[in-house]
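Let me begin by presenting the structure, written as structure tokens, before commenting on it.
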Amino acid sequence: MKFFSDISIWWLIPWGLFSTLLAYWYYRGQKGLSDLNRWIKPSLTILRGFSLFLIGVLLLGLLLESIEYRAEKPVFITLVDDSASMLNYKDSSDVAKRIDDFRTKLEDQYSEKFDVVHYSVGDGVEAIDPQYKDQLSNLDEGFEQLYTQFYNQNVGGICFISDGNFNRGSNPNYSAEKISLTPIFTVGVGDTIRKRDQVIRNVAANDIAFYKNKFPVEIDIQATRVGKVSSNVTISKNGKKIATESVSYKDGKLDFAHVSIMLDANEIGFVEYTVELQAVDNESSYENNRWSFYVEVIDSRSKILMLSHAPHPDVTAIKSVIEKDENVEVTSMLTSEWSGDINEFALLIWHEPGVNGNSELAAKVKSSSIPVLYLIGNRSKASNVRRLGIGVTLPPSRGARSDEVQASLKSGFQLFEVSDNIQNALQYWPPVNVPFGNISTQKGSTLLTQRIGQVVKTDPILLFTTGSRKQGVFIGEGLWRWKLSEYARTKYNKGFDELIQKSVQYLVVRKNTDALRINMPRRFSVNDDVVINAEFYNSSLERITEPAISFVLTNEDESNVNYEFAKGSLDYKLSLGKLKAGKYSWVAKTSFDGKKYDKSGVFVVTDISIENLESSANHNLLNQMATKSNGDFYRLDQLDQLLKDIGKRKDIVKITSEESSFINMIDYKWIFFLLICLLSLEWFVRRRAGSY
């Protein structure tokens, strides 16, 4: 027991003397006690002096150090590789049984000496029995977890059982070195002898390809002890071979080959391709000669419909710019010839919509949500334009009179970026013909206004409106002159092309206003938990969770499984767990306020069978780990010897540690009660003696 104080403890000696003298002085003058027994007065003096001394001790702020010695048993950890490659060898049938028996014997023999704990590591670290099914080996994470969880604890030893192969994370030797002063006993599973085999090590392809374009497929091949022979690599789609490439092995012992093949994306949707390597006689495994992958082929082309009352050079000028984009498909027709469905298109460009009052087409446009770019020339009647509901008011027709005006960029336009190319071109573009009189707009954002000489007017030439759908309006004729003038001046059409392209791009990109929205990736692996999120918006675009949303999942065998989303505070969630490899289609449905809503889509689950590629163990890694940590390496059939050697180790011992705790004497309640008792006893004696 040690004492500590901010004031020297030696001050207790003069304080004790002072307390005694003060008590003696106090009772010396007490004449009423002189007639009592002679022991009463000294006793009261002692009680008063000791009470004063205790008060001084408490005021001194003494700290008492208490030391406790604790013996900590060593922790012995078993870490087992839980990946599927552990069963790739000829002794795979005995691996699980031998490891289970070893862990049982370890607990039976050393449970009193050690605290034995068990962990498994594959694509994650868990304190469970290994199943040897994980398709990823992240051995580094296993040692990182042990380092974090058992930091500053008495870890006596670690038994690491693995084939030494890993395909995720860094080399586990680096993280094992962090667990210093702890011997690691490694147990090697499998055979290190390389067998006669061909392996497709990796296939790299774009997740997404564009329809009617080509995309590359990169294939990495490893051949072990197959001799100086040749083989063929084929790629199949729907059971039909679509590409073949020859591979020649030159070394014969260990060869690596890389094959690059270009494929045509001629089928929209998720397309499954199979890479197959021609077999060589007596290969150790033929399963690793195949590799399947999916490519999502999307039709990214935006379909644009151009309708005009009659052929016009402005329409031709705009069409020539749009068609430069390979991802755009343009259909151009006269209004009188068109009888199709405009909802099939991403954008409608309508030239002279106010000619002859085409009420039927105008009604179809109003009832649809398709964005529209109106090109209003001098032949469009003001009354017909007003009926379009685009918020533009033209002056009444007065003998088809027109003005020639140039275009000026209006400041504050923010719908898209206007580059220097457009701003510079506006300075010398020739005038366009616009209807004579005042032109006004009630809504929208104006990009170009009229300019006559140096006078800039507020009348619009090009403007865009927003709302339930996007609309653009160009008022005037003579766009083709802008294109010819810029080319004659610069030999390019950068400004004109950019103006048309950005205008079209703004109109084509749609804002998601769907009430039912399903959010999920379109690609998972067999190791992923498939989680789907959903949202539902009411007519005011407020996110709600009132309606129930059903979900029907269909696999490649046309089998349906019904689910229902779980409701959260603001959204929905559905967990499907891990799914088998393949292509799945889905339909989500709900109803709200008398209306039905549905969404459908497709996603794929890919099989990452990296573990099946390993046919030989990597015991060098295990040897290095054991040597660096002062441990030992054992084969799987030497587990009994490992049990004996663990018991002989002199460095796996208990650690005795001392723990100090400090307590202020004023915190001891018994001192307080002692002080109360002393003062109470003094009072009682004096009271009995008649001193009070």
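Tally the residues that are at pLDDT below 90 and either among the charged types (D, E, K, R) or not in a helix (DSSP H, G or I) (or both), restricting the search to segment 498-518.
Going through segment 498-518 one residue at a time, the tally reaches 7.
Considering only residues that are of a type outside the set (Ser, Thr, Tyr), over 33 Å from the mean Cα position of the chain (by Cα) and farther than 25 Å from Ile193 by Cβ, which ones fall in segment 239-275? Please lay out each step first, then the result.
The initial filter retains those residues of segment 239-275 that are of a type outside the set (Ser, Thr, Tyr), namely 239-243, 245, 247, 250-259, 261-272, 275.
Imposing the further condition that a residue be over 33 Å from the mean Cα position of the chain (by Cα) reduces the set to 239-243, 245, 247, 250-257.
Hits for segment 239-275 are Gly239, Lys240, Lys241, Ile242, Ala243, Glu245.
Which condition from (1) surrounded by 18 or more Cβ atoms within 10 Å (Cβ to Cβ); (2) more than 30 Å from Thr234 (Cβ to Cβ); (3) touching a Lys or Arg at 6+ places or on another chain (Cβ under 8 Å) is the one that Asn327 breaks?
For Asn327, the failing item is (1).
What's the number of the condition Val531 fails, among (1) in a strand (DSSP E or B); (2) surrounded by 15 or more Cβ atoms within 10 Å (Cβ to Cβ)?
Checking Val531 against (1) in a strand (DSSP E or B); (2) surrounded by 15 or more Cβ atoms within 10 Å (Cβ to Cβ), the one that fails is (2).
Pairs, please: C-beta under 7 Å, at least 6 apart or cross-chain, first residue touching a residue at least 60 places away in the same chain (Cβ under 8 Å) and within 20 Å of Glu144 (Cβ to Cβ) and in segment 79-95, second of a type in the set (D, E, K, R) and in a loop (DSSP other than H, G, I, E, B)?
Asp81/Asp163
Would you mind stating whether Arg523 is touching a residue at least 60 places away in the same chain (Cβ under 8 Å) and within 30 Å of Leu136 (Cβ to Cβ)? Please lay out each step first, then the result.
Details: touching a residue at least 60 places away in the same chain (Cβ under 8 Å): yes; within 30 Å of Leu136 (Cβ to Cβ): yes.
For Arg523, the condition - touching a residue at least 60 places away in the same chain (Cβ under 8 Å) and within 30 Å of Leu136 (Cβ to Cβ) - is met.
Quick check on Asp108: is it in a loop (DSSP other than H, G, I, E, B), out of contact with any Gly (no Cβ under 7 Å at 6 or more places or on another chain) and either under 19 Å from Ala176 (Cβ atoms) or not small (Gly, Ala, Ser) (or both)? Walk me through it before giving the result.
Numbers: in a loop (DSSP other than H, G, I, E, B): no; out of contact with any Gly (no Cβ under 7 Å at 6 or more places or on another chain): yes; either under 19 Å from Ala176 (Cβ atoms) or not small (Gly, Ala, Ser) (or both): yes.
Taking the combined requirement at face value, the residue does not satisfy it.
State all residues of segment 129-163 that are charged (D, E, K, R) and not in a strand (DSSP E or B); if no residue qualifies, say none.
Taking segment 129-163 as the starting set, the residues that turn out to be charged (D, E, K, R) are 129, 133-134, 140-141, 144, 163.
Listed by number, the residues that qualify are Asp129, Lys133, Asp140, Glu141, Glu144, Asp163.
Do we find a residue being within 29 Å of Pro183 (Cα to Cα) and part of a strand (DSSP E or B) anywhere in segment 83-94?
yes
It is to be established whether one or more residues within segment 451-459 are among the acidic types (Asp, Glu), closer than 21 Å to Asp325 by Cα and either crowded, with 18+ Cβ neighbours inside 10 Å or in contact with a strand residue (DSSP E or B) (Cβ under 7 Å, 6 or more places away or on another chain) (or both). Let's see the steps before the verdict.
Quick first cut of segment 451-459, residues among the acidic types (Asp, Glu) only: 459.
This time we only want the ones that are closer than 21 Å to Asp325 by Cα, so: none.
No, there is no match, as no residue in segment 451-459 is among the acidic types (Asp, Glu), closer than 21 Å to Asp325 by Cα and either crowded, with 18+ Cβ neighbours inside 10 Å or in contact with a strand residue (DSSP E or B) (Cβ under 7 Å, 6 or more places away or on another chain) (or both).
Can you find a residue in segment 171-181 that is farther than 30 Å from Ala71 by Cα and crowded, with 16+ Cβ neighbours inside 10 Å?
First, pick out the residues of segment 171-181 that are farther than 30 Å from Ala71 by Cα: 171-174.
Still in the running and crowded, with 16+ Cβ neighbours inside 10 Å: 172-173.
Within segment 171-181, one or more residues are farther than 30 Å from Ala71 by Cα and crowded, with 16+ Cβ neighbours inside 10 Å.
Residues to consider are Gln423, Gln427, Gln442; find the one that is surrounded by fewer than 13 Cβ atoms within 10 Å (Cβ to Cβ) and either more than 17 Å from Lys494 (Cβ to Cβ) or not assigned by TED's automatic domain parsing to the domain that holds Ser402 (or both).
Gln442
Checking His309 against (1) at pLDDT below 90; (2) farther than 30 Å from Trp480 by Cα; (3) over 32 Å from the mean Cα position of the chain (by Cα); (4) buried (at least 18 other Cβ atoms within 10 Å of the Cβ), only one condition comes out false. Which one?
Evaluating His309 over (1) at pLDDT below 90; (2) farther than 30 Å from Trp480 by Cα; (3) over 32 Å from the mean Cα position of the chain (by Cα); (4) buried (at least 18 other Cβ atoms within 10 Å of the Cβ) leaves (2) as the failure.
Consider Leu375 against the criteria (1) under 52 Å from the mean Cα position of the chain (by Cα); (2) surrounded by fewer than 17 Cβ atoms within 10 Å (Cβ to Cβ): it satisfies all of them except one. Which criterion is unmet?
Here Leu375 meets the rest and fails (2).
If you take the residues in segment 353-372 that are more than 43 Å from the chain's Cα centre (by Cα) and charged (D, E, K, R), which one is surrounded by the most Cβ atoms within 10 Å (Cβ to Cβ)? Don't jump to the end; show me each part of the working.
First, pick out the residues of segment 353-372 that are more than 43 Å from the chain's Cα centre (by Cα): 353-364.
Subsequent filtering for residues that are charged (D, E, K, R) retains 360, 364.
Details: Glu360: 10, Lys364: 16.
In this case the residue turns out to be Lys364.
Within segment 641-692, restricting attention to residues that are β-branched (Val, Ile, Thr) and modelled with pLDDT of 80 or more, which residue is farthest from the chain's Cα centre (by Cα)? Step through it out loud before you land on a result.
Of the residues in segment 641-692, the ones β-branched (Val, Ile, Thr) are 646, 652-653, 655-656, 663, 666, 671, 676, 685.
When the remaining residues are screened for being modelled with pLDDT of 80 or more, the result is 646, 652-653, 676.
Working: Ile646: 43, Ile652: 42, Val653: 44, Ile676: 67 Å.
Out of the qualifying residues, it is Ile676.
Being assigned to a strand (DSSP E or B) and either β-branched (Val, Ile, Thr) or touching a helix residue (DSSP H, G or I) at 6+ places or on another chain (Cβ under 9 Å) (or both) is the filter; apply it to segment 588-618 and report the residue that is modelled with the highest pLDDT. Break it down stepwise before answering.
First, the residues of segment 588-618 that are assigned to a strand (DSSP E or B): 588-592, 595-606.
In the following step, the residues that additionally are either β-branched (Val, Ile, Thr) or touching a helix residue (DSSP H, G or I) at 6+ places or on another chain (Cβ under 9 Å) (or both) were identified as 590, 602, 604-606.
Numbers: Thr590: 95, Val602: 90, Val604: 91, Val605: 90, Thr606: 84.
Step by step, filter segment 588-618, then rank; the result is Thr590.
Being surrounded by 12 or more Cβ atoms within 10 Å (Cβ to Cβ), at pLDDT below 80 and more than 30 Å from Ile655 (Cβ to Cβ) is the filter here; which residues of segment 56-82 pass it?
Hits for segment 56-82 are Gly56, Val57, Leu58, Leu60, Gly61, Leu62.
Hey, among the residues in segment 133-163 that are polar (S, T, N, Q) and surrounded by fewer than 24 Cβ atoms within 10 Å (Cβ to Cβ), which one's farthest from Ile646 (Cα to Cα)?
Step by step, filter segment 133-163, then rank; the result is Gln135.
Residues of segment 522-546 being closer than 29 Å to Lys583 by Cα and among the charged types (D, E, K, R), which ones? Outline the logic, then answer.
Going residue by residue through segment 522-546, those that are closer than 29 Å to Lys583 by Cα are 522-536.
Result: Arg522, Arg523, Asp528, Asp529, Glu535.
Return only the number of the condition from (1) outside the structural domain of Leu347 (by TED's automatic domain parsing); (2) touching a helix residue (DSSP H, G or I) at 6+ places or on another chain (Cβ under 6 Å) that Asn282 does not satisfy.
It is condition (2) that Asn282 fails.
Would you confirm, using the coordinates I've provided, whether Asp108 is among the acidic types (Asp, Glu) and closer than 26 Å to Ser175 by Cβ?
Details: among the acidic types (Asp, Glu): yes; closer than 26 Å to Ser175 by Cβ: no.
Spelling it out, it is not the case that Asp108 is among the acidic types (Asp, Glu) and closer than 26 Å to Ser175 by Cβ.
Give the number of residues within segment 164-219 that are charged (D, E, K, R), within 25 Å of Asp140 (Cα to Cα) and part of a loop (DSSP other than H, G, I, E, B).
5
Which ones in segment 367-403 are part of a strand (DSSP E or B) and either among the β-branched types (Val, Ile, Thr) or not assigned by TED's automatic domain parsing to the domain that holds Met306 (or both)? Full working, then the answer.
To start, the set of residues in segment 367-403 that are part of a strand (DSSP E or B) comprises 372-376, 392-393, 402-403.
If the condition is that a residue be part of a strand (DSSP E or B) and either among the β-branched types (Val, Ile, Thr) or not assigned by TED's automatic domain parsing to the domain that holds Met306 (or both), then Val372, Ile376, Val392, Thr393 are the ones that fit.
Going by the structure shown, is Ser5 more than 30 Å from Glu144 (Cα to Cα) and modelled with pLDDT of 80 or more?
On the way: more than 30 Å from Glu144 (Cα to Cα): yes; modelled with pLDDT of 80 or more: no.
The answer is no for Ser5.
The values are calculated or read from the model by the stated rules, or taken from the named source; none is laboratory data. Model, not experiment: these values are computed from the prediction. FYI the Cβ positions are ideal-geometry reconstructions off the backbone, even for glycines, and counts take in every protein chain you see.
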